[in-house]
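Beneath this line is the structure, given in structure tokens, with notes to follow.
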Amino acid sequence: MKIRVLLVDGHRLVRQGLRSLLDQCSDIKIVGEADDGPEAVELARRLRLDVVVLDLQKSKLSRAGAARQLLAADPRPKVICLSAEKDLRAATEELRAGALGYVLHEADFRDLADAIRAGMRGEVYLSLAVVQMLTKDFARSAGAEPDSPYGGLSDRELTVLQVIADGNTTKEIARHLLVSAKAVESHRCNTMRKLQVDSIAGLTLFALRHGLTSR
């Protein structure tokens, strides 16, 4: 079964270039294109999508705003944001809006393909440069934090947070920890509540910021 993808970009030539590159992947199928966020939302309502690749460089609607509208219209597709800028704030906003990926234009197109596949699995994918920025941001802020930012988590919740951030699925975590999938989901919900985040992307971002992942 091929991954059904919608391309969203205001430049037709860019969309054609992305389509040409992604058409080389036997497991990915471009099923639609959109100029902007509103058109993408309309297509999301009509097409049976798996992944939306979102690249809005010059639009009244930000990528974060478009991601929220897309997921409000249909929460099933995974959103991957494509950006020309190494913008940590934008990446943070888009992940908090529900996106599962932030890929830079400078990356190899295979990174975008890998991000689409990771999103399909419900995993977060960040370009290496973004991970490095998060690591540096953490290094700068670590000395200013008087208390552990995750001190309220139990040992098991902390472990679950780490393995989620490393890209493991619920079933894989359950096998690793020798517990049920339901127990993993319970630990994940408790962790999200304590950290005040509302998505797996938010958990991954937190783990990256605080050095809790092997990435």
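The values are calculated or read from the model by the stated rules, or taken from the named source; none is laboratory data. All values reported here derive from a predicted model rather than from experimental measurement. Positions of Cβ are generated from backbone atoms using ideal geometry, with glycine treated the same way; all protein chains shown enter the neighbour counts. With ligands, DNA and RNA removed, areas are computed over all heavy atoms of the protein, side chains included. Shrake-Rupley method; radii C 1.70, N 1.55, O 1.52, S 1.80 Å.
Values as computed for the structure displayed
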item: The lone exception for residue 166 - which of (1) in contact with a helix residue (DSSP H, G or I) (Cβ under 8 Å, 6 or more places away or on another chain); (2) surrounded by 14 or more Cβ atoms within 10 Å (Cβ to Cβ); (3) at pLDDT 75 or above it fails; result: (1)
item: The range 164-177 residues that are without any contact (Cβ under 8 Å) to a residue 12 or more places away in the chain and more than 17 Å from residue 120 (Cβ to Cβ), paired with ones that are in a helix (DSSP H, G or I) and open to solvent by less than 60 Å² (accessible area, probe 1.4 Å) (beta carbon under 9 Å, 6 or more apart); result: 174/181; 174/183; 174/184
item: Filter result (open to solvent by 80 Å² or more (accessible area, probe 1.4 Å), on the phi < 0 side of the Ramachandran plot and within 18 Å of the chain's Cα centre (by Cα)) within the range 190-204; result: 198
item: 2 or more residues crowded, with 22+ Cβ neighbours inside 10 Å: qualifying helices (runs of 4 or more DSSP H) within the range 1-76; result: 37-46, 63-73
item: Some residue of the range 77-99 being under 21 Å from residue 117 (Cβ atoms), among the basic types (Lys, Arg), modelled with pLDDT of 90 or more and in contact with a Leu (Cβ under 8 Å, 6 or more places away or on another chain); result: yes
item: Selected residue (criterion: least open to solvent (accessible area, probe 1.4 Å)) from residues of the range 82-129 that are in a helix (DSSP H, G or I) and among the charged types (D, E, K, R); result: 94
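One line per residue, one yes/no per condition, for (1) under 24 Å from residue 6 (Cβ atoms); (2) out of contact with any helix residue (DSSP H, G or I) (no Cβ under 9 Å at 6 or more places or on another chain); (3) modelled with pLDDT of 85 or more:
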{"position": "120", "(1), (2), (3)": "yes, yes, yes"}
{"position": "143", "(1), (2), (3)": "no, yes, no"}
{"position": "147", "(1), (2), (3)": "no, yes, no"}
{"position": "191", "(1), (2), (3)": "no, no, yes"}
